[in-house]
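*Asks:* This is the structure, below, for whatever I ask next.
Every number in this text was worked out from the coordinates using simple rules, so none of it is lab data. Here the structure is a predicted model, which is why all the values come from computation and not from measurement. Backbone-built Cβ (ideal geometry, glycine too); neighbour counts: all protein chains shown.
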């Protein structure tokens with residue numbers, strides 16, 4: 001059995017560069033897949049206001065599928081980020097790393113509570129659809145802002161302490 005794949009974890013960083021670059025690529029792609037679908041949902045939210053029941057049965061699964069896709073891409077994002085930290089030169093105490101983790105944990109809590117309960121309520125006949133759509137719109141905007149803040153920390157890497 002060829003052990004070169006496994007032994008690369010025990011070599012110097014210089015010898016791990018190809019693996020590191022692959023992980024960076026996976027990390028960036030997972031960011032795109034985890035944030036991208038939410039931008040597509042912006043026009044969909046407008047359509048939810050006037051949608052009849054048949055259209056709603058099409059739009060709501062699309063919305064839920066986008067949220068689910070983002071969650072699964074987030075798993076790849078977290079695992080690749082941990083591996084990049086392990087193989088890289090950054091300390092877990094670096095300010096941009098700590099702040100990214102804080103925002104990420106907040107966004108995980110937020111995404112678990114923001115979309116699914118509201119989407120379930122919208123599936124039921126409801127006289128207050130506008131309030132639910134407004135809640136979805138606000139949640140979507142806030143989640144996009146959280147993702148962009150995390151992205152800013154990872155790209156700019158501010159040294160705040």
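*Asks:* Using the alpha-carbon atoms, what tilt in degrees (0 to 90, nearest 10) does helix 95-114 show relative to the longest principal axis of the chain?
*Replies:* That works out to roughly 30 degrees.
*Asks:* Please work out the Cα convex hull volume for the range 17-156 and give it in Å³ per residue.
*Replies:* 96
*Asks:* Could you work out the helix-only [θ] at 222 nm for the chain, with each DSSP H run of four or more residues adding -39,500 (n - 2.57) and the total divided by the number of residues, to the nearest 500 deg cm²/dmol?
*Replies:* -29000 deg cm²/dmol
*Asks:* How many angstrom separate the Cα center of the range 14-67 from the Cα center of the range 68-97?
*Replies:* 18
*Asks:* Report, in degrees rounded to the nearest 10, the 0 to 90 angle that the Cα long axis of helix 13-50 makes with the longest principal axis of the chain.
*Replies:* 10
*Asks:* Sticking with this one: Grab the Cα-Cα distance for residue 138 and residue 102, subtract it from 0.36 nm times how many residues apart they are, and report the gain in nm with one decimal.
*Replies:* Difference between extended and current length: 10.9 nm.
*Asks:* I've got another one for you. Report the calculated FRET efficiency for residue 72 and residue 148 (r = Cβ-Cβ distance, R0 = 25 Å), to the nearest 0.05.
*Replies:* 0.80
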